[in-house]
Structures are given as structure tokens and as C-alpha cells.
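Data first, discussion second: the structure below is written as C-alpha cells.
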Amino acid sequence: MASKGKPSPRSAVPALSDQQVALLAQRHRLVDPTRYYPTGHRTPALDEIDGQHPVGTTRLLRGVSQVVRDSCRVYAWGLERVPQTGPFITAATHVTQFDVFIPMMALFHQGRRPRYMAKAEMAHWPLIGSWFRMVGMQPVERKSGKARSIEEESISIITSGRPLTIWPEGTVTRDPLKWPMSLKPGVGFIALEASRQLGRMVPLYPSITWGAASINHKWPWPRKNVVMCYDRLLDYSDLLEDMDQWGAEPPKQSVHALCVRLRNRMEEVMAEIRGEEPPAAGYFDYVTMTRRPRSEQ
């Protein structure tokens, strides 16, 4: 079933200017995530690489990287934070379909091979669907009543030692100005329950990408700027203090609190990348398709 509403057009936002990229470069070390190990040499997770169609994945990564370089000038900071071993969760913004590839490409170039959640329809797209499955796609059947089984599979991925990438908005943002909208509760449930099963806080990293919304993919020249931040670890240890007393599952209020914390941080980082303040009227709520005060999250 298609998601309600339609994403706003490219004309809704201006392109990310060279001046803003230069300002970000003064604050952060910007690197090229389309190349291997842009933050310096790292030890790749060979077990993940060897277990995920290494030849096909390498070829696909090379092709995706070339398409990205041809379509835009992409920069990133914070990739040194990507763990070299062990499970972690990447929670990424979803402004366009194109910018889905930016964090995935960056993590692959850092020597990790996360599994990732994506809408089930993508698995059946001609040619591209087989590529998605090859690189670790976990199909999500939206509005199928299978949310719990999807969450359980995601938790199993993490507790087995693998990283997981999630786009927690569930679809491309419907905010007319393309800010992060309300999040689905799945990311909060997965992070909290996986942490309880492992007996420790699973690292959760927000990943924020901005700039691709203004790209005309039929004629992308002159190339636009795209910037990604792989943000600092999001601390939610306080939500785990009573995890031995949860019962069958994490409390809904804790799940909600983590989602709000994550969305707010995504918005904060996106504001820095864009060089502008988020809408004063509040955040965009997908359920009601309206903008609501942040105090009502």
C-alpha cells in the first residue's frame, strides 16, 4: 500500500550553497564518503564482507559510488565514529530516495556491512531489487500487521553481532520543507529490546543527510552539494535503568521518549547542515499530516 501524502517538489528548498559547505568545513573535517576509508586506515569486518556476496557487493558499491560522484559533490563528517566491530544501529534521515544510498555507501567504505530495513516493494523492482537483496536488505511489508515480526528479526540481527541501518520515519519525509518528521516507534522498540537482551546499551548513531532534495536526476549538472553527518552516539542509558523490570517488552513511554530524542537530534544536526532554523511552528506529524508544537511530541 502506498504511503499517504506526497513528498514536496525540489522547488520547496534551495540547493545547499558552496558558502554553507565552506562554513561546515571550518567546523568539521569533511571527507569524501564515496572512497574507501576516508578517515584513515581501518580494519574491515571481513566476516561481514565475506558473508555478503563480496564480489557482487564490491561491484555494486563501485557503481553506486560513481553515480553519486557524477550526480553531486558529497561530503561527510563523523565517519570515524563508525564502530569497527560489534553491533550498532544507524538511524538515518529520509529526505529523498537518492540520499538513502549515501549512508549505506559510507558505511560500506568504512569496512562494515550492515543489514538494513527497506520497504518490501523495493525487493521486487527490476534489477535493482536483486541488488538490494544482495547487500542485506530486510524487507518491511508496510501496513501488513507484521510489525512485531519485523522488529523481532531486526533485534535478532543486532543480537547476533551485526549492525543494522534503519530509516525511522518509515518513508520519505512528508514535511513540505523536508525536515525530519515524526518517527515510527519501531526504532525505539528495537534499540531498547536489543539492549535488554544483550545486557548493555546498543550503540545508536543518527545519520543526517541533506542536499539531495534539490537534485534533478534527469540533468544533475551543475552538480549540487550533499553533506552527511554521522553523528555522535545517542545516549539513552537512562531509559535502560529499570530494564530488568519491564516485563514482556519495553514500556511504550520509553520507546516514545527515545524516538522523540532521536528525532530532535536529527533536526538539530540538519539545522546545522542547512544553516537555518527548523520551523518555529513545530515538527511535522505523519499521523495527522500537520505541523504540531514540539511540546506535543
- Where a residue in segment 195-215 is modelled with pLDDT under 95 and its partner, wherever it lies, is among the small types (G, A, S), with Cβ under 8 Å and at least six apart: A213/A12; S214/A15; I215/S71
- Consider E276 against the criteria (1) of a type outside the set (A, V, I, L, M); (2) over 20 Å from T209 (Cα atoms); (3) open to solvent by 20 Å² or more (accessible area, probe 1.4 Å): it satisfies all of them except one. Which criterion is unmet? (2)
- In segment 30-76, residue farthest from L16 (Cα to Cα) [restricted to those that are exposed (fewer than 14 other Cβ atoms within 10 Å of the Cβ) and among the basic types (K, R)]: R59
- From the list R115, R69, R62, R29, which residue is basic (K, R), free of Cβ contacts under 8 Å to residues at least 60 places away in the same chain and touching a Ser or Thr at 6+ places or on another chain (Cβ under 7 Å)? R69
- Message: Quick check on my filter: what residues within segment 279-297 are open to solvent by less than 40 Å² (accessible area, probe 1.4 Å) and touching a Pro at 6+ places or on another chain (Cβ under 9 Å)?
- Response: G282, Y283, F284
- Message: Restricting to segment 187-218, give me the number of residues that are within 20 Å of D242 (Cα to Cα) and open to solvent by 10 Å² or more (accessible area, probe 1.4 Å).
- Response: 9
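The values are calculated or read from the model by the stated rules, or taken from the named source; none is laboratory data. All of these numbers come straight from a predicted model, not from anything done at the bench. Positions of Cβ are generated from backbone atoms using ideal geometry, with glycine treated the same way; all protein chains shown enter the neighbour counts. Accessible surface is based on the protein model in full, side chains and every heavy atom, while ligands, DNA and RNA are left aside. Shrake-Rupley method; radii C 1.70, N 1.55, O 1.52, S 1.80 Å.
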